[in-house]
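Only one structure is covered here, and it is reproduced in the block below.
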Amino acid sequence: GDGRFVLGGLAASRYRLQVAGAGVFTAEVRFVSVPSDELRLVLARRVAIVGRVVDGGAGTPGVVVAIDGDALGEVRTTVSADDGSFGFADLPEGTYRVWGGKDDLAARAQAAPRLGRGPFADVELWLEPATIVVGRVVDRTTGAGLAAAVMLTPQDGDVGDDTGDEAPRFARTDSTGVFRIE
């Protein structure tokens, strides 16, 4: 009940210990010496982020919903279903940020901490008019368009400005150096 276990009858040596179970990610420790002092192994729970995208109170289909967080190495995306619902399963415990967008509408990023046993509240993303940034990357000397990766990062503004939670947006230029970030 408290997570403790004892493996008896092992010959003195070095072992690899692997722990797996429902609701947790498999963890492994290599080179466990036997006999050994008490070993502490911290496991990450499997968590999910589920929610709904709404526009004017109605569920909105076809919205690209994205998450990032301290437990992920990349941004993950999904598309909302016909009723506006979306979900990300099999995530490691962590603190996440969720946002979405479709055409000229966007939902502001929201924090979605997923630490501990839960239960966790569903995320509700509200669509509102958004701005589209279009630009061109050029060579300073020749003025020719350049191929480039572009990142738009929110900058903290005035007191009370809520852009600090917004996620960075990314784009790649086309062959003429033009990019578009929605």
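The HN-Hα couplings worked out from phi for region 90-104 by the Karplus form 6.51 cos²θ - 1.76 cosθ + 1.60 (θ = phi - 60°) are 6, 9, x, 3, x, 10, 10, 10, 10, 8, x, x, 7, 6, 9 Hz, whole numbers, x standing for Gly and Pro. P(r) tail for region 67-110, what percent of Cα pairs lie past 13 Å? I get 61 percent for the Cα pairs in region 67-110 exceeding 13 Å.
Rounded to the nearest 20 debye, the dipole magnitude of region 79-182 is 500 debye, with +1 charges on Lys and Arg beta carbons, -1 on Asp and Glu beta carbons, and the Cα centre as origin.
Pairs of Cα atoms in the chain fall into 5 Å distance bins, from 0 up to the last occupied one, in shares of 1, 7, 12, 13, 13, 12, 10, 8, 7, 6, 5, 4, 2, 1, 0, 0 percent. Note on R45 and D83: with the Förster distance fixed at 25 Å, the Cβ-Cβ geometry gives a FRET efficiency of about 0.35. For the chain, build the charge dipole from Cβ charges (+1 Lys, Arg; -1 Asp, Glu) around the Cα centre, then report which of T176, A12, I132 sits farthest towards its positive end. So the residue furthest toward the plus end is A12. Ignoring any ligand, DNA or RNA, what whole percent of the accessible area of region 32-182 comes from carbon and sulfur when the probe is 1.4 angstrom? Whole-percent figure for carbon plus sulfur exposure: 51. The phi-based Karplus calculation (6.51 cos²θ - 1.76 cosθ + 1.60; θ = phi - 60°) puts the 3J(HN,Hα) values of region 70-76 at 5, 9, 10, x, 8, 7, 10 Hz, whole numbers, x for Gly and Pro.
Less than 5 angstrom separates the built amide H of A106 from those of E128, A130, all sequence-distant by 5 or more or on a different chain. Subtracting the Cα-Cα distance of E74 and A58 from 0.36 nm times their residue separation leaves 2.8 nm of extension gain. DSSP assigns beta bridges within the chain; of those with both partners inside it, close to 90 percent run antiparallel. Annotation: average projected area of region 82-140 is 6.8 square nanometres, based on the convex hull of Cα atoms across all directions. In the chain the longest region clear of trypsin sites (Lys or Arg not before Pro) that are loop-assigned by DSSP and have at most 15 other C-beta atoms within 10 Å covers 41-116.
Relative contact order, whole percent, for the chain stands at 16, derived from Cα pairs under 8 Å and 6 or more residues apart. Whole-Hz Karplus values for region 170-179 come out as 10, 7, 10, 6, 8, 5, 9, x, 7, 10 Hz, taken residue by residue from phi with 6.51 cos²θ - 1.76 cosθ + 1.60 and θ = phi - 60°; glycine and proline positions read x. For the chain, the solvent-accessible area works out to 66 Å² per residue, with a probe of 1.4 Å and every protein chain left in place.
Once backbone amide H atoms are built at 1.01 Å from N, R114 has G94, T95, Y96 as its partners under 5 Å, excluding neighbours fewer than 5 places away on the same chain.
The values are calculated or read from the model by the stated rules, or taken from the named source; none is laboratory data. For clarity, every value in this text was computed on a predicted model and none was experimentally measured. Glycine also receives a Cβ, built like all others from the backbone with ideal geometry; neighbour counts cover every protein chain displayed. Surface areas here come from the heavy atoms of the whole protein model, side chains and all, with no ligands, DNA or RNA. Shrake-Rupley method; radii C 1.70, N 1.55, O 1.52, S 1.80 Å.
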